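The values are calculated or read from the model by the stated rules, or taken from the named source; none is laboratory data. Being a predicted model, the structure only gives us computed values, none of them experimental. Cβ sites come from the backbone with ideal geometry, for glycine too, and all protein chains shown count toward neighbours.
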Amino acid sequence: MEDQNERPYVEVCFSPRQFPLYKDPHDIIVVIDVLRATSAICAAFEHGVEAIIPVSSIEEARDLQDQGYLAAAERNGEIVDGFEFGNSPFSYMTERTKGKTVALSTTNGTRAINIAKVSAKTVVIGALSNLDALTDWLIKQERNVLCLCSGWKDKFNLEDTICAGAIADALMSTGNFQSTEDSSIAAKYLYQSARDNYFGFLKSSSHRRRLKKLNLNEDIKFCLTPNQTQVIPILKGDRLTLLNQE
Ligand code: 3SL
């Protein structure tokens, strides 16, 4: 019988602040920001965006805007002054972004992507909206996977953890992956408690309340609806493009 310890791992890191604790170089990092950055990125690719340049700061987004790129920026759930749009998935479903490269800066998600890229061979984007397509692809890779939750300003959040738990659960159930961190086990249990009703489970979560106050209920519903797309955005250099799946 094969040595079980040789199996690739799937682990969950709750927030960018904890990322240095998971310091091994990882084969694949899945960056997750369910509300709303990674859901918006998946929606953008589903609706024909050419590429997204994820930048951590507003200044970088402004620079790219000055260079002629279409640029979007969000802070604390709101569109930043001087930008036409922000982080709503619905902003990326129009002709305006089709075939375009968009520079994007968000409070947590784009920062997490830039943190991940220094210690992974491959960085891909995960959300509930591309869950099954992503897990099918990850299972086929048979490589070590770290799910990095973007959280909220370095704190833990429920929605990213549940999505990470769904990925860990799917990979572990094949019997071909192992998981040793308690964070991964906790994420899996949270997912198992939430999976029948994400919307209800997250009713009093902090970011759902924050977005609700901003009248973004339709965005919340969209982001919490699983498996709306097959796209897997992947980082190539400084930009996200669409992974071509064989
Ligand atoms: O933190 C982020 O990157 C955003 O997704 C936050 S918000 O949903 O746009 O408020």
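Observations, loosely collected:
- Among the residues here, residue 115 does not qualify as in contact with a helix residue (DSSP H, G or I) (Cβ under 7 Å, 6 or more places away or on another chain), within 16 Å of the ligand (Cβ to nearest atom) and not in a helix (DSSP H, G or I).
- Exactly one residue among 183, 193 is among the hydroxyl-bearing types (Ser, Thr, Tyr), modelled with pLDDT of 95 or more and more than 18 Å from the chain's Cα centre (by Cα), and that residue is 193.
- Residue check, residue 168 within 16 Å of the ligand (Cβ to nearest atom), modelled with pLDDT of 95 or more and crowded, with 19+ Cβ neighbours inside 10 Å: no
- Checked across the range 18-28, the condition of being β-branched (Val, Ile, Thr), surrounded by fewer than 23 Cβ atoms within 10 Å (Cβ to Cβ) and touching a strand residue (DSSP E or B) at 6+ places or on another chain (Cβ under 7 Å) holds for at least one residue.
- Any hit, the range 39-56, residues being closer than 24 Å to residue 226 by Cα, away from the ligand (no atom under 12 Å from the Cβ), part of a loop (DSSP other than H, G, I, E, B) and among the aliphatic types (A, V, I, L, M): yes
- Pairs with Cβ under 6 Å, 6+ apart, first in the range 203-216 and touching a residue at least 40 places away in the same chain (Cβ under 8 Å), second in a loop (DSSP other than H, G, I, E, B) and away from the ligand (no atom under 12 Å from the Cβ): 208/202
- Selection of the range 201-217 for residues being within 13 Å of the ligand (Cβ to nearest atom), part of a helix (DSSP H, G or I) and surrounded by 11 or more Cβ atoms within 10 Å (Cβ to Cβ) yields 206, 207, 208, 209, 210, 211, 212, 217.
- Options 196, 238: the member that is out of contact with any Phe, Trp or Tyr (no Cβ under 8 Å at 6 or more places or on another chain), acidic (Asp, Glu), touching a residue at least 40 places away in the same chain (Cβ under 8 Å) and surrounded by fewer than 20 Cβ atoms within 10 Å (Cβ to Cβ): 238
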